[in-house]
Amino acid sequence: MADPKEELRLLDQIRTWPQYARFAGRPVAYFCTEFAFSGGQRLYAGGLGVLAGDMVREAGDREFPLVAVGLYYREGYVCETKEVGGRTMEICKATPPEQAGFEPVLDKGGERLHVIVPIHDRVIKARAWTYKDRGARIYLLDTDCEENSPEDQRITDRLYVGDKETRLKQEIVLGIGGLRLLEALDIHPSVYHLNEGHSALLALELIWHEMRERHIGFDEAKQFARRRIVMTNHTLVAAGQEVFSYDLVAMMLDRYAEELSVPVHDLVSLGRVQQSNEFSMSMLAFRMASIINAVSKLHAKKAKEIWTDHPMVAVTNGVHVPFWDSIGDPGSEPGAGLGTAKGEFWKQHQYRKDELLAHIKEKTGRDWSKDTLLIGWARRTVQYKRPLAIFEDAVRLGAIARNADRPVRFVFSGHPHPNDVDGAKLLVELKRLTDGEFADIAVYLPEYDIPLAKKMVAGCDMWLNTPVVGFEACGTSGMKAALNGVLPCTTRDGWVDEADLRHLGWILNNDRTAHDFYHLLESEILPLYYGRSGGIPEVWEEYMRSSRDMILRRFTATRML
């Protein structure tokens with residue numbers, strides 16, 4: 001196991017390398033379509049943005065030369081679908097940028113800085129905002145400029161808008177406009193890190209940059225550009241791969257191709273899916289990245305089976321400890337270890353559990369005891385994550401949970417992608433169960449966001465994770481929970497495949513998840529939780545310490561960085 005202090009020593013050593021000296025003058029540019037910042041702005045949908053936020057915060061803490069580039073969405077993320085007389089959307093409004101600590105980016109003359117981006121048959125303007133998160137600098141572009149047409153002003157209104165044409169326009173602004181913004185700011189990165197494929201069009205702008213700088217042709221410039229691009233892939237699920245019609249991309253890049261004096265076919269062919277009329281942002285990123293990394297060892301293995309021509313190195317995700325750690329003594333340094341006195345960890349956990357239970361009561365009216373085992377499940381509601389897994393045998397689950405001597409309560413949260421019809425149906429069914437048959441033992445908490453996630457990963461007693469093995473590329477919510485002493489009960493997917501959960505958690509069989517869960521609850525989990533001495537479940541508390549220690553030693557963002 002790694003030692004947290006050893007990770008810091010390694011970072012100090014890295015700062016002596018010649019490569020690091022280049023970063024000081026020419027930083028890493030970290031491009032992502034969504035970011036979850038410390039200030040709470042809803043410019044993220046889920047795990048991709050939360051991971052990006054952790055990476056940015058970690059880089060700031062470690063004074064690593066990194067600049068982040070993304071988009072500012074005026075209406076934020078459409079985060080929940082409801083079936084009320086037809087399908088409607090609940091919009092999670094983003095905070096106005098000035099109120100959220102963002103500052104307008106100005107040019108050398110003190111005027112508002114704009115970049116020009118060609119889209120289809122016209123050019124549009126994008127303005128920039130800047131923000132610092134724990135010392136790391138972030139730049140976000142939006143198209144809400146009076147010089148643009150009303151239609152173009154709305155390009156960056158929403159994250160993950162369903163309309164394909166608008167999505168493509170956003171990704172043109174992010175990739176091409178983002179690189180142009182850095183050039184306008186006289187920032188010349190040595191490495192461009194694509195966090196997923198949404199920003200892959202920056203590769204085209206970088207090719208053009210190399211053509212101009214080196215006075216070379218398109219094909220030769222591709223090789224120089226490729227040396228400076230790395231990419232992180234986060235998902236094996238087809239829905240996570242951004243795919244457009246080849247003809248739509250050619251139409252949208254037609255004017256841009258004229259600027260480059262390169263046939264539009266040469267540009268679009270870089271992302272063409274073989275033997276199809278589709279363009280894939282992921283394929284463009286794969287072909288233009290010199291290094292591609294998966295986000296767990298299992299993810300890298302599974303990815304090799306899908307993308308045989310694009311091998312990935314495994315860099316397992318980690319969590320930014322100061323941001324997610326809630327269990328330490330009030331006022332103590334985040335991540336600091338607790339003392340070894342019996343009951344100390346348990347006392348801190350019960351304080352956090354009180355906060356979660358108060359939130360549950362406020363939102364649902366359920367008034368539950370902090371001495372009752374509380375199990376949490378919170379993430380995107382999508383089929384492969386199996387949010388309804390534990391309800392397979394309603395009679396058995398009810399009998400276990402309603403046992404007066406050893407009761408169990410469940411708290412769920414999360415939302416589907418706005419265009420995921422199957423995920424929306426899962427959420428409707430989950431709400432039906434928690435409002436109906438299981439209303440006495442289970443609740444659903446709406447408005448899942450980072451503040452609620454923090455309450456849940458610190459206040460639950462156990463964290464339930466039920467994905468189909470091979471579909472969850474990493475999954476970091478369980479890391480955050482374990483950091484706070486919340487014990488994992490999970491299938492062996494993503495990061496869990498690398499972890500030894502003996503004496504700190506439980507593994508569920510992928511093919512009989514519900515059966516295993518009921519069996520483990522009755523035979524191991526409940527006896528451990530309710531086996532108390534002086535009001536303290538001593539062995540359970542030892543498990544809590546072990547789970548926290550595992551994260552601090554092996555799954556931090558420091559190691560990931």
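The values are calculated or read from the model by the stated rules, or taken from the named source; none is laboratory data. All values reported here derive from a predicted model rather than from experimental measurement. Cβ placement follows ideal geometry from the backbone for every residue including glycine, while neighbour counts extend to all protein chains displayed. SASA here: full protein model, heavy atoms, side chains in, ligands and nucleic acids out. Shrake-Rupley method; radii C 1.70, N 1.55, O 1.52, S 1.80 Å.
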### Task
Starting from the Cα of His519, move 7 Å in the Cα-to-Cβ direction to define the label point; list residues of the stretch 458-475 whose amide nitrogen is under 16 Å from there.
none
## Note on the structure
Simple SL model, points at 7 angstrom along Cα→Cβ for Trp17 and Glu63; separation in nm is 1.9 nm
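Using the Cβ atoms and a cut-off under 11 Å, what net charge is assigned to the surroundings of Lys164, where Lys and Arg are +1 and Asp and Glu are -1? Kindly include the intermediate steps, with their values, before the conclusion.
Working: positive: Arg167, Lys169; negative: Asp163, Glu165, Glu171, Glu242.
Net local charge, Lys164 excluded: -2.
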### Query
Points 7 angstrom from Cα along the Cβ direction at Glu437 and Glu355: gap in nanometres?
3.5 nm
### Query
So what does Cys474 come to for accessible area, using a 1.4 Å probe and Å² rounded to 10?
10 Å²
### Task
Just need the relative contact order of the chain here, percent rounded to a whole number, with Cα pairs under 8 Å and 6+ apart.
13 percent
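Among DSSP beta bridges whose residues both lie in the stretch 439-561, state the antiparallel percentage, nearest 5.
Details: 1 of 8 bridges.
So the antiparallel bridges amount to about 10 percent of the total.
Ile292: net charge of surrounding residues, Cβ under 13 Å, Lys/Arg +1, Asp/Glu -1, itself excluded? Mind dumping the intermediate values first?
Numbers: positive: Arg226, Arg287, Lys304; negative: Glu196, Asp309.
Within the 13 Å Cβ shell, the charges total +1.
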### Task
Just tell me which lysines come within less than 23 Å, Cα to Cα, of Lys108; anything on the same chain fewer than 8 places away is out.
Lys125, Lys132
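Please report, ordered by residue number, every helix of the chain (full DSSP H runs) that is 20 Å or longer along its axis going by C-alpha atoms and whose mean Kyte-Doolittle hydropathy reaches 0.0.
Working: long enough: 47-61 (21 Å, 0.33); 344-364 (30 Å, -1.60); 421-435 (21 Å, 0.10); 538-554 (24 Å, -1.15).
In the chain, the long hydrophobic H runs are 47-61, 421-435.
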### Point-to-point label distance, Glu362-Lys347, nm (Cα→Cβ direction, 7 Å offset)
2.6 nm
## Note on the structure
For Ser245, the net charge from surrounding residues (Cβ-Cβ under 15 Å; K, R +1; D, E -1) works out to -3
## Note on the structure
Excluding residues fewer than 8 positions from Lys455 in its own chain, the aspartates and glutamates with Cα under 18 Å of it are Asp54, Asp325, Asp329, Asp354, Glu355, Glu362, Asp367, Asp371, Glu447
### Task
Enumerate the lysines that Lys304 could reach by cross-link, defined here as Cα to Cα under 29 Å, with residues fewer than 8 away along the same chain left out.
Lys164, Lys222, Lys385, Lys480
### Query
For the peptides 101-110, 220-229, 381-390, 141-150, what is the packing order when you average, over each peptide's residues, the other Cβ atoms within 10 Å and list the highest mean first?
381-390, 220-229, 141-150, 101-110
### Query
Under a point-charge model restricted to the Cβ atoms of Lys and Arg (+1) and Asp and Glu (-1), what is the dipole moment magnitude of the chain relative to its Cα centre, in debye to the nearest 20?
860 debye
### Message
Sort Ser523, Ser280 by heavy-atom solvent-accessible area, probe 1.4 angstrom, most to least.
### Response
Ser523, Ser280
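Nearest-5 percent of antiparallel DSSP beta bridges in the chain?
Given both bridge residues lie in the chain, the antiparallel proportion sits at roughly 40 percent.
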### Message
Once you order the gyration tensor axes a ≥ b ≥ c over the Cα atoms, which shape class does the stretch 370-529 get: rounded for a/c under 1.5, otherwise prolate or oblate by comparing a/b with b/c?
### Response
rounded
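Heavy-atom accessible area per residue, the stretch 490-561, 1.4 Å probe: how many Å²?
Ligands and nucleic acids excluded, the figure is 39 Å² per residue.
Round to a whole number: what % of the accessible area of the chain belongs to carbon and sulfur, probe 1.4 Å?
Values: 11060 of 22530 Å².
Carbon plus sulfur share of accessible area: 49 percent.
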